Amino acid sequence: MMAVNREPLLQVSNLKRYYGGSSSWLRAGRTIKAVEDVSFFVRPGETFGVVGESGCGKTTTGRMIVGLDRPTAGSINFAGEELTTLSAEEWRIRRRKMQMIFQNPLSALDPRMTIRRQIREPLDLHDIGIPNERDAKVEELLDAVSLQPAMADRYPHQISGGQAQRAVIARALGLDPDLVVCDEPVSALDLSVQARVTALLQDLQERRGMAYVFISHDLRIVKKLSHRVAVMYLGQIVEVGDTDDVYRQPLHPYTRALIAAIPDMAPNHRSKRTTLQGDPPSPAAPPSGCHFHTRCHMARESCAREAPVLREIGGAHQVRCHFAEEFAS
Amino acid sequence: MTEQNPILSVEGLCVGFRTAAGFADTVHDVSFSIGHRKTLCIVGESGSGKSVTCQAILGLLAGNGAQTGGRILFEGHDLGAMSETELEAIRGRGIGMVFQDPLGSLNPVHTVGRLLDEALLLHTQLNRSDRHVRSIELLRLVRIPDPEQRLKAYVHQFSGGMAQRVMIAIALACRPQLLIADEPTTALDVTIQAQILELLNHLKSELGMSLLFITHDLGVVAEMADDVVVMRHGRVVEAGPLTQVFNTPASDYTKSLLDAVARLDTPSPAYRWRDVS
Ligand SMILES: Nc1ncnc2c1ncn2[C@@H]1O[C@H](COP(=O)(O)OP(=O)(O)OP(=O)(O)O)[C@@H](O)[C@H]1O
Ligand SMILES: Nc1ncnc2c1ncn2[C@@H]1O[C@H](COP(=O)(O)OP(=O)(O)OP(=O)(O)O)[C@@H](O)[C@H]1O
Ligand code: SF4
Ligand SMILES: [Mg+2]
Ligand SMILES: [Mg+2]
């Protein structure tokens, strides 16, 4: 096993991203608070899982980390360097070390380039490896994500959704990054290909110490891969801790609802899943006090007034709820 | 799985593509049928021909592709024998489609409100203000917060899962008799996913809608399917009622899929950084 390094590779602090303002589709004076005060760190060789409701700000957070979107406020420290103050040019140089596997693979691929060229070009651009070995490297990458060689000469619209997703993974991993933001990286893959791709990610982590921010709606995959996991709701982290702890004893009512809704695989007892009631609130007008109070079955009067802070409940387990102790036994 | 009067039957479908490396036979002899008010789920390997089969049903194969055999019957009518105008009428009101790639299939230069309005204009008799009301209602049905405001936004201003739900709303705007949904819930968390599945099941009973559902998520299959088709390498390797396919799978591939479900009771990787000093 590699040497254990405790210095965080990535430290995100009080990150915010607001969209809107006067020129937007929103009513005057309203902004979408896509990400509101998010802080976390990731160590080399660690997988940090991120889960949460659709629209809660996961992709926005990931895009800011890799420099595709500028934070409204907050800091992003990567390998000891503050990134938010860098110029665009300085960014470009560092980008190689931080890659993103995009949620919408087809939009992330250039429609006019063959798959081979999309994977090869970044290698040339960043001068990775010896030029006449790069073709072999491309073949190796395709094989690693189980894409047949015949796919290499196709254009993005000539391959399947899952094949496009794997092309994006091959392109990101080819640059030998230190950190990969994986945004729903295996959502379009069947379980057998999924298992091969996740084994590849784990293998690279073991051998190279690659770190992952792993965003997914698949709570089973997150459980299998992540050392720690954060749960987001409406732009905020509401719970974070070691994966086993969070799954075994979820302390935030939203996390409890999520875990209770993991589908069963048994077709015989098609039980009604307990699902979260109520509508997802608008990030343009988040509920007062605790953002979750409009849907929380535990909510009391004070919840609509006082915003809970993310606080430690035993060791490394942090929760944003006034009454988290009631679930901790 | 042979229905008396299926809404859709696919018989011996074959599809091929011209590629740089020559003609590639992609879908071989695929057959299945879907009964009224029934849900058929297709699962299978990535690249096995699930999306191509849907494209063939809708007559929307890419320019380099062609149906090389078989026929497709919708309510007993051969779609292959229809003119483009007749097909156009069936797409939308007869067969609604939710594509796998929402961003690529929704027009980026129009607001979501305009996209919904166009679908309603084309396939309903509603007047302008009723269409507006209906559009808001549809976004609300698929759990988009603040629907009045969101009508004015463009798809790229939505999250991945919200764009996916907009696609579903547009397909439902036409109240189709058959909804083909290609991986419609990949970007949805479990609670919103459960609500969308519930919505589809509700429409199934209320409107008498039938569903052709493509998914990698076996939990979704367990929840939705009446019948299941398993595809691999462009062929059907197994087909039958849900309980039969899940409880007594006949093909090794189906067994391997069921075995590959990540178990929740195995421990996560240990956090090895805390103990070192
Ligand atoms: N360019 C933009 N302009 C305006 N609003 C935006 C923009 N990009 C994202 N948003 C909004 O920010 C919020 C968070 O979006 P984000 O894509 O980060 O969500 P997500 O957690 O990744 O969701 P999903 O799981 O559905 O992909 C959403 O309400 C979205 O509409
Ligand atoms: N326009 C095209 N030209 C050539 N080959 C194509 C074209 N479209 C699809 N293919 C190929 O046909 C096969 C089946 O593709 P299809 O999109 O149906 O797969 P799928 O089962 O939907 O997979 P996924 O689960 O990854 O979405 C794939 O190998 C794909 O590369
Ligand atoms: S603070 Fe109150 S509303 Fe918020 S999660 Fe806790 S109990 Fe629910
Ligand atoms: Mg997203
Ligand atoms: Mg597909």
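The values are calculated or read from the model by the stated rules, or taken from the named source; none is laboratory data. Nothing here was measured: the structure is a model prediction, and the numbers come from that model. No Cβ is skipped: glycine too gets one built from the backbone with ideal geometry, and neighbour counts run over all protein chains shown. All accessible areas refer to the heavy atoms of the entire protein, side chains included, with ligands and DNA or RNA removed. Shrake-Rupley method; radii C 1.70, N 1.55, O 1.52, S 1.80 Å.
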Positions within segment A:195-251 being within 16 Å of A:V42 (Cα to Cα) and in contact with an Asp or Glu (Cβ under 6 Å, 6 or more places away or on another chain), in sequence order = A:A211, A:I215, A:H227, A:R228, A:V231
Among residues belonging to segment A:187-218 that are within 16 Å of ligand 1 (Cβ to nearest atom) and over 12 Å from the mean Cα position of the chain (by Cα), point out the one that is least open to solvent (accessible area, probe 1.4 Å).
-> A:A188
Taking segment A:131-162, which residues are within 16 Å of ligand 5 (Cβ to nearest atom), free of Cβ contacts under 8 Å to residues at least 40 places away in the same chain, open to solvent by 10 Å² or more (accessible area, probe 1.4 Å) and facing chain B (nearest Cβ under 8 Å)?
-> A:Q158, A:S160
Could you tell me which numbered condition B:V133 fails, if it satisfies all but one of (1) assigned to a helix (DSSP H, G or I); (2) open to solvent by less than 20 Å² (accessible area, probe 1.4 Å); (3) over 21 Å from B:A225 (Cβ atoms); (4) aliphatic (A, V, I, L, M)?
-> (2)
Would you confirm whether any residue within segment B:132-139 is of a type in the set (S, T, Y) and facing another protein chain (nearest Cβ under 8 Å)?
-> no
For A:I215, indicate whether it is in contact with a Cys (Cβ under 9 Å, 6 or more places away or on another chain) and β-branched (V, I, T).
-> yes
With respect to A:V168, determine if the residue is surrounded by 18 or more Cβ atoms within 10 Å (Cβ to Cβ), away from every other protein chain (no Cβ under 13 Å) and in contact with a helix residue (DSSP H, G or I) (Cβ under 6 Å, 6 or more places away or on another chain).
-> no
Looking at segment B:19-55, which of its residues are in contact with a strand residue (DSSP E or B) (Cβ under 8 Å, 6 or more places away or on another chain) and open to solvent by 40 Å² or more (accessible area, probe 1.4 Å)?
-> B:F23, B:D25, B:H28, B:D29, B:S31, B:H36, B:R37, B:K38, B:Q55
Determine, yes or no, whether B:G104 is open to solvent by 10 Å² or more (accessible area, probe 1.4 Å), over 24 Å from B:K204 (Cβ atoms) and not in a helix (DSSP H, G or I).
-> no
Check segment B:107-128 and report whether any residue there is open to solvent by 50 Å² or more (accessible area, probe 1.4 Å) and among the hydroxyl-bearing types (S, T, Y).
-> no
Hits in segment A:292-316 - residues which are part of a loop (DSSP other than H, G, I, E, B) and either of a type in the set (A, V, I, L, M) or away from every other protein chain (no Cβ under 14 Å) (or both) | A:H293, A:M298, A:A299, A:R300, A:R305, A:E306, A:A307, A:P308, A:V309, A:L310, A:I313, A:A316
Scanning segment A:62-71 for residues that are open to solvent by 10 Å² or more (accessible area, probe 1.4 Å) and not aliphatic (A, V, I, L, M), the one farthest from ligand 1 (Cβ to nearest atom) turns out to be A:G67
Some residue of segment B:24-40 being away from ligand 3 (no atom under 16 Å from the Cβ), in a strand (DSSP E or B) and farther than 29 Å from B:L218 by Cβ | no
Do we find that B:R131 is farther than 20 Å from A:H217 by Cα and either within 16 Å of ligand 3 (Cβ to nearest atom) or modelled with pLDDT under 95 (or both) in this structure?
-> no
Could you say which residue among B:D217, B:D259, B:D189, B:D182 is modelled with pLDDT under 95, within 16 Å of ligand 5 (Cβ to nearest atom) and closer than 22 Å to A:I262 by Cα?
-> B:D217
Verdict on B:T53 being closer than 21 Å to B:E238 by Cα and among the hydroxyl-bearing types (S, T, Y) | yes
Would you mention how many residues in segment A:266-293 are buried (at least 16 other Cβ atoms within 10 Å of the Cβ), modelled with pLDDT under 95 and under 20 Å from B:Q193 (Cα atoms)?
-> 8
Being within 14 Å of chain A (Cβ to nearest Cβ), touching a residue at least 24 places away in the same chain (Cβ under 8 Å) and more than 16 Å from ligand 1 (Cβ to nearest atom), is that true of even one residue in segment B:70-91?
-> no
For segment B:167-261, list the helices (runs of 4 or more DSSP H) that sit wholly inside it and hold at least 3 residues that are within 14 Å of chain A (Cβ to nearest Cβ) and under 30 Å from B:R140 (Cβ atoms); which are they?
-> B:190-207, B:218-224
